[in-house]
1. I'd like to know if the range 73-84 contains one or more residues that are part of a helix (DSSP H, G or I) and either more than 14 Å from the chain's Cα centre (by Cα) or modelled with pLDDT of 95 or more (or both).
2. Please go through the range 22-47 and pick out each residue that is in contact (Cβ under 8 Å) with a residue 60 or more places away in the chain and over 20 Å from residue 112 (Cα atoms).
3. Please state which one of 112, 34, 88 is of a type in the set (Lys, Arg), under 17 Å from residue 9 (Cα atoms) and crowded, with 16+ Cβ neighbours inside 10 Å.
4. Any residue in the range 48-55 that is in a helix (DSSP H, G or I), touching a Ser or Thr at 6+ places or on another chain (Cβ under 9 Å) and in contact (Cβ under 8 Å) with a residue 60 or more places away in the chain?
5. Does any residue of the range 88-101 turn out to be under 20 Å from residue 120 (Cβ atoms), in a helix (DSSP H, G or I) and either at pLDDT 95 or above or not acidic (Asp, Glu) (or both)?
6. Testing residue 62 on (1) under 17 Å from residue 98 (Cα atoms); (2) loosely packed, with under 15 Cβ neighbours inside 10 Å; (3) in contact with a helix residue (DSSP H, G or I) (Cβ under 8 Å, 6 or more places away or on another chain); (4) of a type outside the set (S, T, N, Q), one condition comes back false. Which one is that?
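The values are calculated or read from the model by the stated rules, or taken from the named source; none is laboratory data. Here the structure is a predicted model, which is why all the values come from computation and not from measurement. Reconstructed Cβ throughout: ideal geometry from the backbone, glycine too, with neighbour counts over all protein chains shown.
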Amino acid sequence: MSNPFTDTLVKQVKNKRIAAFIAAWDRLEALVIRVYKSKAASPEDEREWSQIHSQLAKAYSRWKDALHAFWQNATIGGERAKDDPFDRLLAAPNAHSFVGNWLAMQTLPAARQAINQWLVDLIHKQHQH
């Protein structure tokens, strides 16, 4: 499950590493939502979490500084984000952590907003050169 607006932006950025990071983030987002809604984490969910988590932890370290400025303007549960939403979600030890985790669900939009604003900024900078 990907975000159509984000997909449009990613195509304009034309960076395979960024595209791979966002594709992995889309998988994490879908997993969090699926586990939350089903009120359970299947063995497949746990395997997927392990795969996504190791990939994202590595990839996010590359983009963490760039995304920092963008998540600071995001909101989590109606309040300005105080903590890194990416770190918050990646800190979960397993997929089961998302069962009944309303805070995780509220954190997803802050991360998505930061990603989209970051991509818009990258596109803007591309057009300046």
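1. no
2. Correct list: 39 only.
3. 112
4. No, because not a single residue in the range 48-55 is in a helix (DSSP H, G or I), touching a Ser or Thr at 6+ places or on another chain (Cβ under 9 Å) and in contact (Cβ under 8 Å) with a residue 60 or more places away in the chain.
5. no
6. For residue 62, the exception is condition (1).
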